[in-house]
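Okay, so here's the structure we're looking at.
The values are calculated or read from the model by the stated rules, or taken from the named source; none is laboratory data. Just so you know, these numbers come straight off a predicted model, no measurement behind them. Positions of Cβ are generated from backbone atoms using ideal geometry, with glycine treated the same way; all protein chains shown enter the neighbour counts. Side chains included, ligands, DNA and RNA excluded: accessible areas come from the protein's heavy atoms. Shrake-Rupley method; radii C 1.70, N 1.55, O 1.52, S 1.80 Å.
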Amino acid sequence: MKVLVVGGAGYIGSHCVRQLQAAGHQPVVLDNLVFGHRQAVAEDVPFYDCDLGDSSAVGQILEKESIELVMHFAAFAYVGESVTDPRKYYNNNFVATLRLLEAMLDHGVHKFVFSSTCATYGEPATLPLTETMSQAPINPYGQTKLDVENCLKTFAQAYGMSFAAFRYFNASGAAEDGTIGEDHKPETHLIPLVIDAATGRRENIKIFGTDYPTPDGTCLRDYVHVDDLSRAHIAVFEKLEEPGAAYFYNLGTGRPSSVREIIHAVEAVTGLSVPVIEADRRPGDPPALYADSSKACSELGWEIQYMDVQDIIATAWNWHKKHPEGYLS
Ligand code: UFG
């Protein structure tokens with residue numbers, strides 16, 4: 001399959017490009033390099049430095065490369081920033097996505113794989129989360145993702161577009177060979193920050209809240225390996241052959257880890273100790289989020305290779321040792 005990977009130079013997109021190649025598909029990358037890294041994409045992969053909202057340029061690429069399916073990873077994903085600057089999020093995550101979808105329709109490309117998020121569920125009443133539970137996002141980031149999901153449902157019905165929306169839990173880890181990995185600027189995610197605290201690149205890690213109603217008082221999250229996420233995107237291809245198909249899948253391991261457990265796991269993997277400061281809660285953090293991914297497992301044959309969070313952290317640590325300054329190293 002000839003696949004346009006929008007945001008293919010970013011964290012999850014670049015791993016998916018690798019997995020597409022490994023599975024014998026032909027990825028083509030489109031990325032405006034606002035957050036992506038050119039070095040994250042191999043030289044032999046066609047690369048377009050282009051904005052996803054530029055329908056005319058995207059249309060030309062769809063034609064020139066004979067694209068059959070589009071995967072879309074190119075969202076802004078800083079939850080806090082989405083609260084203080086929602087316009088930026090609606091513009092990039094919703095309006096630009098709409099332009100991308102229009103370019104697809106105008107050029108006869110009808111298969112779409114969308115990166116959604118567990119943030120569309122807001123603060124769930126029960127856990128683990130299944131796909132049918134109510135979606136009530138508590139920040140504009142989650143809202144923009146839900147808005148795209150809803151838009152896609154109507155496009156499937158009206159235009160026969162077929163799509164899968166994957167609701168990621170906490171994407172983590174790096175390629176097994178340590179050549180590509182997580183490099184966000186600024187970094188806000190727990191695992192890379194704890195690794196930085198272990199190596200002394202940061203003075204410490206602040207635990208945001210120790211009084212949550214969880215076993216050790218810190219938040220529970222479902223850390224899922226980025227290559228496991230990527231493989232689900234490929235496993236869904238067959239289902240998208242049917243016009244108007246609309247699928248939603250949670251992607252997580254279903255095994256939550258607390259913030260303290262992540263810190264201890266980083267200490268175990270690295271052999272280094274992590275200086276910790278107990279801080280106030282971060283606004284907008286639900287106490288616990290973890291997935292029931294049985295639908296993806298049964299319908300897609302999705303097999304999670306990294307069930308143990310220490311194995312996930314080991315790949316992040318391998319990437320970090322090889323690239324202490326990220327892609328600038
Ligand atoms: N945390 C800390 N200290 C830090 C950073 C994080 O204690 O310095 C805690 C957070 O409070 C949270 C957990 O570590 O409890 C994980 O935080 P991350 O920022 O790594 O991840 P989130 O769970 O907040 O966010 C992830 C994705 C988002 C997505 C969100 C859905 O990164 O894109 O899940 O809730 F929107």
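Summary of values
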{"quantity": "Unit charges at the beta carbon, dipole of the chain: most positive-side option, Cys118, Val70, Pro283", "calculated": "Pro283"}
{"quantity": "Pairwise centroid distance, computed over Cα atoms, of the range 300-329 with the range 239-269, Å", "calculated": "14 Å"}
{"quantity": "Karplus-derived HN-Hα couplings along the range 68-81 (A = 6.51, B = -1.76, C = 1.60, θ = phi - 60°), whole Hz, x at Gly and Pro", "calculated": "9, 8, 10, 10, 10, 10, 8, 10, 7, 9, 8, 4, x, 5"}
{"quantity": "Per-residue SASA entry for Asp106, accessible area with 1.4 Å probe, Å² rounded to 10", "calculated": "120 Å²"}
{"quantity": "Share of carbon and sulfur in the accessible heavy-atom surface of the range 81-178 [1.4 Å probe, %]", "calculated": "50 percent"}
{"quantity": "Rounded accessible area per residue of the range 1-135, 1.4 Å, Å²", "calculated": "41 Å²"}
{"quantity": "Percent breakdown of C-alpha pair distances by 5 Å bin, ordered from the shortest bin, for the range 1-66", "calculated": "4, 20, 33, 24, 16, 4, 0"}
{"quantity": "Protection-proxy order for peptides 225-235, 262-272, 301-311, each taking the mean of Cβ atoms within 10 Å per residue, highest first", "calculated": "225-235, 262-272, 301-311"}
{"quantity": "The range 220-329, accessible surface, carbon-and-sulfur percent (1.4 angstrom probe)", "calculated": "48 percent"}
{"quantity": "Residue-level accessible surface for Cys50, protein heavy atoms, 1.4 Å, Å²", "calculated": "20 Å²"}
{"quantity": "Viscosity 1.306 mPa s, temperature 10 °C, Stokes-Einstein D of the range 84-154 from Kirkwood C-alpha radius, µm²/s", "calculated": "120 µm²/s"}
{"quantity": "Distance violations [Cα-Cα > 21 Å] among Lys88/Lys145; Lys2/Lys111; Lys88/Lys185; Lys2/Lys322; Lys2/Lys64; Lys64/Lys88", "calculated": "Lys2/Lys322; Lys64/Lys88"}
{"quantity": "Over the range 97-245: Rg over Rh, Cα atoms, Kirkwood Rh", "calculated": "1.02"}
{"quantity": "Translational diffusion of the chain, µm² s⁻¹ [Kirkwood Rh, Cα pairs; Stokes-Einstein; 4 °C; 1.567 mPa s]", "calculated": "65 µm²/s"}
{"quantity": "Selected from Asp183, Asp147, Asp51 as most flexible by GNM, with the chain as the system and alpha-carbon contacts under 10 Å", "calculated": "Asp147"}
{"quantity": "Å² of accessible area per residue within the range 224-271, as computed with a 1.4 Å probe and no ligands counted", "calculated": "34 Å²"}
{"quantity": "Residue with peak Gaussian network fluctuation, the chain [Cα springs, cutoff 10 Å], from Leu127, Leu289, Leu30", "calculated": "Leu127"}
{"quantity": "GNM top mover of Arg87, Arg99, Arg38 - the chain, alpha-carbon springs below 10 Å", "calculated": "Arg87"}
{"quantity": "In the range 29-118, the GluC sites (Glu not before Pro) that fall in loop regions by DSSP, at most 14 other Cβ within 10 Å", "calculated": "Glu43"}
{"quantity": "Amide H contacts under 5 Å for Tyr247, placed H, 5+ residues apart", "calculated": "Phe163, Ala164, Ala165"}
